[in-house]
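Peer 1: Can you keep this structure in mind? I'll have questions shortly.
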Amino acid sequence: MNTTNLNPLFIDQIVNFAHLLGTKPFTKQEFIEVVKRAYSISNPKTNLFYMAVYRSTFETIKLSINRDSILFNQ
């Protein structure tokens, strides 16, 4: 398992974007594309989250099987 380094803004705002996740893992780039398709990057709040995702270090992101937590690199 690789280590993660998550931007504090990413940690704070991921709950607002968790509905975009599923139990199958997304790569970091796939998750970024999903955010771009679902929300306008011209929105300041979304743009800040978008930049925080880029600054965070992780390979994959997904929801746990029971959908109560977000898992990285699994």
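What follows is calculated from the coordinates using simple rules that are stated; it is not laboratory data. Fair warning: this is a prediction, and the values are worked out from it, not measured in the lab. FYI the Cβ positions are ideal-geometry reconstructions off the backbone, even for glycines, and counts take in every protein chain you see.
Peer 1: Please list, in chain and number order, the residues 5+ apart from residue 57 or on another chain whose amide H is under 5 Å from its amide H, with Hs placed from the backbone.
Peer 2: 5, 6, 7
Peer 1: Would you tally the net charge around residue 22, using a Cβ to Cβ cut-off of less than 10 Å, leaving residue 22 out, and scoring K and R as +1, D and E as -1?
Peer 2: Values: positive: 24, 62, 67; negative: none.
Its environment carries a net charge of +3.
Peer 1: Once phi is turned into θ = phi - 60°, what whole-Hz ³J(HN,Hα) does the Karplus curve with 6.51, -1.76 and 1.60 give for every residue of segment 59-66, x standing for Gly and Pro?
Peer 2: Once rounded to whole Hz, the list reads 9, 9, 9, 7, 8, 5, 4, 8.
Peer 1: Tell me which residues come under 5 Å, amide H to amide H, from residue 71 once H is placed; ignore anything under 5 positions away on its chain.
Peer 2: 62, 63, 64
Peer 1: To the nearest 20 debye, what is the magnitude of the charge dipole of the chain about its Cα centre, counting +1 on the Cβ of each Lys and Arg and -1 on the Cβ of each Asp and Glu? Display every interim value, and only then the final one.
Peer 2: Working: 8 positive and 5 negative charges, 27 e Å.
It comes to approximately 140 debye.
Peer 1: Can I ask one more? What percent does the relative contact order of the chain come to when contacts are Cα pairs within less than 8 Å and at least six residues apart? All intermediate terms of the calculation are to be shown ahead of the outcome.
Peer 2: Working: 97 pairs, mean separation 33.9, N = 74.
In percent, rounded to a whole number, it is 46.
Peer 1: Please give me the summed charge of the neighbours of residue 56: other residues whose Cβ is under 12 Å from its Cβ, Lys and Arg +1, Asp and Glu -1.
Peer 2: Details: positive: 28, 55; negative: 12, 59.
Counting the neighbours of residue 56, the net charge comes to 0.
Peer 1: Can you list the HN-Hα couplings for segment 28-35, worked out from phi with the Karplus curve (6.51, -1.76, 1.60; θ = phi - 60°), rounded to whole Hz and with x for Gly and Pro?
Peer 2: These are the phi-based 3J(HN,Hα) values: 4, 5, 5, 5, 4, 5, 5, 4 Hz.
Peer 1: I'd like the Karplus ³J(HN,Hα) series for segment 36-52: coefficients 6.51, -1.76, 1.60, θ = phi - 60°, whole numbers in Hz, and an x wherever there's a Gly or Pro.
Peer 2: In residue order, the calculated couplings are 5, 6, 7, 10, 7, 5, 6, 6, x, 5, 5, 5, 5, 5, 4, 5, 5 Hz.
Peer 1: First select every other residue whose beta carbon is under 14 angstrom from the beta carbon of residue 9; then total the charges, Lys and Arg +1, Asp and Glu -1. If you can, show how the numbers build up before the last one.
Peer 2: Numbers: positive: 45, 55; negative: 12.
Surrounding charge for residue 9 is +1.
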